[in-house]
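Beneath this line is the structure, given in structure tokens, with notes to follow.
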Amino acid sequence: MDYQIARHNMVENQVRTNKVTDPLVIAAMEGVPRELFLPEGKRGVAYIDEDIAVGAGRFAMEPMVIARLMQNAEIAETDVALVIGAGYGYSSALISRVAETVVSVESDKDMAAAAEATFQKLNYDNVIVVEGDLASGYAKQAPYNVIVFDGAVAEVPAGILEQVSEGGRLLAVVREPDKVGVARLYERENGVIGHRDLFDANIPYLPGFEPAESFVF
């Protein structure tokens, strides 16, 4: 397979056709080799327009969704970004092509190591992976101008919202029980967090962020 041609076709047929026009986002999507951020057995399907299961209940997010999240985040070259759930590192790599610095939190030791190895192989030296509890974010380096969840959540933990800087943005696909998932933008202005819905997106949950079980009597 010619991955470069497949990547270009992904951008033309999946990204541009879904209202993504930001040239920095387009350039990142064209430049980051998604196949290298997948387990070897999954590389042949790297550029399909759907989420890809990568093991341990985790998925590589559909390219169109991460592209639209990045565009709505309006990432600046001076921004410090946090990615929750690095997985094998694809979303973090994309954001690192636009932001100044990216911190990626990953709870799976093997995935964290694989992502870090790929970043080093590609000389992406402005992105790091830290092992830790996803629901805690990474307060040590907070606040962040941009925070992105690499997977759906039933709700955004208050402790992670606290890590958004003044003027900062948090992007997450929120999937409430029995409802269609929706990409949501949270912004902090004058110390207050507000949010608005952007577009529908039914991507899989990040493990640990599923809806709490409810009991019917």
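Taking a quarter of the surface of the Cα convex hull of segment 1-138 gives a mean projected area of 7.6 nm².
Shape of segment 69-179 from its Cα gyration tensor (a ≥ b ≥ c, root eigenvalues): rounded if a/c is under 1.5, otherwise prolate when a/b > b/c, or oblate? Taking the square roots of the gyration eigenvalues as a ≥ b ≥ c, segment 69-179 is oblate.
Give, rounded to the nearest 20 debye, the magnitude of the charge dipole that the chain has about its Cα centre when Lys and Arg contribute +1 at Cβ and Asp and Glu contribute -1 at Cβ. Write out the running numbers ahead of the final one.
Numbers: 18 positive and 33 negative charges, 52 e Å.
Rounded to the nearest 20 debye, it is 240 debye.
Split the accessible area of the chain by element, probe 1.4 Å, and carbon with sulfur accounts for 48%. Considering every alpha-carbon pair of segment 147-188, the percent of pairs per 10 Å bin, from zero through the bin containing the longest distance, is 30, 55, 15, 1.
The helix-based estimate of mean residue ellipticity at 222 nm for the chain, built from -39,500 (n - 2.57) per DSSP H run of four or more residues and divided by its residue count, is -6500 deg cm²/dmol to the nearest 500. The distance from the alpha carbon centre of segment 38-100 to that of segment 107-126 is 13 Å, rounded to a whole number.
Per residue, the solvent-accessible area of the chain (1.4 Å probe, heavy atoms of protein chains only, all protein chains present) comes to 47 Å². Heavy-atom accessible surface of Arg184, to the nearest 10 Å², is about 30 Å², with a 1.4 Å probe and all protein chains retained. Determine which residues of segment 66-91 fall in the zone a paramagnetic label at Glu100 would reach in this model, i.e. backbone nitrogen under 12 Å from the point 7 Å along Cα→Cβ. 76-81, by backbone N distance to the label point. With a Förster radius of 30 Å applied to the beta-carbon distance between Asn123 and His8, the computed FRET efficiency rounds to 0.85. Note on the chain: dipole from Cβ charges, positive end direction compared against Val173, Leu185, Thr21; the farthest Cα belongs to Thr21.
Our estimate of slack between Met1 and Phe199, defined as 0.36 nm per intervening residue step minus the Cα-Cα distance, is 68.0 nm. Relative contact order for the chain: 15 percent, from Cα pairs under 8 Å spaced at least 6 residues apart, divided by residue count.
So for each of 104-112, 116-124 I average, over its residues, the number of other beta carbons within 10 Å; can you give me the resulting order with the highest mean first? Show your work: numbers first, answer last.
On the way: 104-112: 20.2, 116-124: 15.4.
The peptides rank, most packed first, as 104-112, 116-124.
The values are calculated or read from the model by the stated rules, or taken from the named source; none is laboratory data. The structure displayed is predicted, hence computed values, not measured ones. Virtual Cβ from ideal backbone geometry, glycine too; neighbours counted across all protein chains shown. Surface accessibility is based on the protein's heavy atoms, side chains included, excluding ligands, DNA and RNA. Shrake-Rupley method; radii C 1.70, N 1.55, O 1.52, S 1.80 Å.
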